[in-house]
1. Order these by the 10 Å Cβ neighbour count, fewest first: Asp272, Asp137.
2. For Ile40, Ile7, what's the fewest-to-most ordering of other Cβ within 10 Å of each Cβ?
3. Using a Gaussian network for the chain with springs between C-alpha atoms less than 10 Å apart, which of these wobbles most: Thr18, Thr198, Thr62?
4. Tell me the trypsin sites (Lys or Arg not before Pro) within region 129-198 that lie in a loop according to DSSP and have at most 11 other beta-carbon atoms within 10 Å.
5. For the chain, give me the percentage of DSSP beta bridges that are antiparallel, rounded to the nearest 5 percent.
6. On a C-alpha basis, how far is the centre of region 122-151 from the centre of region 209-288 in Å? Whole number, if you could?
7. Mind listing which chymotrypsin sites (Phe, Trp or Tyr not before Pro) in region 1-103 are in a DSSP loop and have 10 or fewer other Cβ atoms within 10 Å?
8. Non-local amide H neighbours of Arg215 (under 5 Å, H modeled in plane, Pro and chain starts lacking H): which ones?
Amino acid sequence: MEAILQIRHLTHTYSAGTPFERDAIKDMSFEVGKGEFLGIIGHTGSGKSTLIQHLNGLLRPTEGQVLLNGRDIWAEPKKIRDVRFRVGLVFQYPEYQLFEETVYKDIAFGPTNQGRRGAELDRCVRDAAALVGLRDDQLDKSPFELSGGQKRRVAVAGVLAMEPDVLVLDEPAAGLDPAGRESLMANIRDYQREGGRTVVMVSHDMDEIARDADRILVLKSAGILMSGTPQEVFSRPEELLSAGLDVPRATRIAMALRRRGVPISPDAYTLDALEREILRLRGESGKGAATC
């Protein structure tokens, strides 16, 4: 898979030269492929937020490089604003950054700053609104009249309207009720899979990550603990738990069954996969069915 982002020996040091000096990221290297959905997980303080703020130039590396389509994003510092249009970052609780009179104007803010006008601007706004499930009749409303989940959709649409090459999301469904969470994540999955777009998402929800990510990056103590497919990562649950992380519900159930002697495959990291595995075992042995 061709890389769209390359992170090379990235280090970021806070309060350098003071008694409070610390490395939030230390010598980190990895790539993000075009069209990939990369999930990033890690305990609080592992460097997740610092890392993603480097991907579009909100933070500048103390050492190392971030390359976008093979070019160092800091090669021309005066053009870093253009990088932020191409790598769109949605912060955690982005609805608190809404400020315009109408939903339409809030979504239009980014593409307007890109220089889009007239019919092209209108297309960007309406396409982005549709992608996140906002109706046309909601565009003329004040964003402050909307529910929490709808505000979140407006904030995400404001980034999508800039049509970035990479969409970076920091806990996009945090604080939403289960229905709102699932609805928003379904929109993000459709955006990525149907359009072949690149998404990087930080999340504490292991079921979300297990279901949506093509690959997972696990951070610990400013570095990379492991990297791999969901199957590869969640087949090492003891390491994740010892790093202070959670695991998907299906993995917890599978671990409990294995402790009881049931030969559940480590591949059963989603509820659907766990159900298939249990049905397989039941088909192989009546005793297995009683045990399960």
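1. On the way: Asp272 10, Asp137 7.
Lowest to highest Cβ neighbour count: Asp137, Asp272.
2. Working: Ile40 27, Ile7 22.
Fewest-to-most ranking of Ile40, Ile7: Ile7, Ile40.
3. Among Thr18, Thr198, Thr62, the largest mean-square fluctuation in the Gaussian network model of the chain belongs to Thr18.
4. On the way: sites: Arg135, Lys141, Lys151, Arg152, Arg153, Arg181, Arg189, Arg193, Arg197; in loops: Arg135, Lys141, Arg197.
Sites meeting the loop and neighbour criteria: Arg135.
5. On the way: 20 of 38 bridges.
Looking only at bridges with both residues in the chain, the antiparallel portion is about 55 percent.
6. 37
7. Numbers: sites: Tyr14, Phe20, Phe30, Phe37, Trp74, Phe85, Phe91, Tyr96, Phe99; in loops: Phe20, Trp74, Phe91, Phe99.
Sparse-neighbourhood loop chymotrypsin sites (Phe, Trp or Tyr not before Pro): Phe20, Phe99.
8. Counting only residues 5 or more places away or on other chains, the set is Phe37, Gly39.
A short reminder: the numbers here are calculations on the coordinates, not readings from a lab. Computed from a predicted model, the values in this text were never measured in an experiment. Note that we place each Cβ from the backbone using ideal geometry, even for glycine, and neighbour counts take in every protein chain shown.
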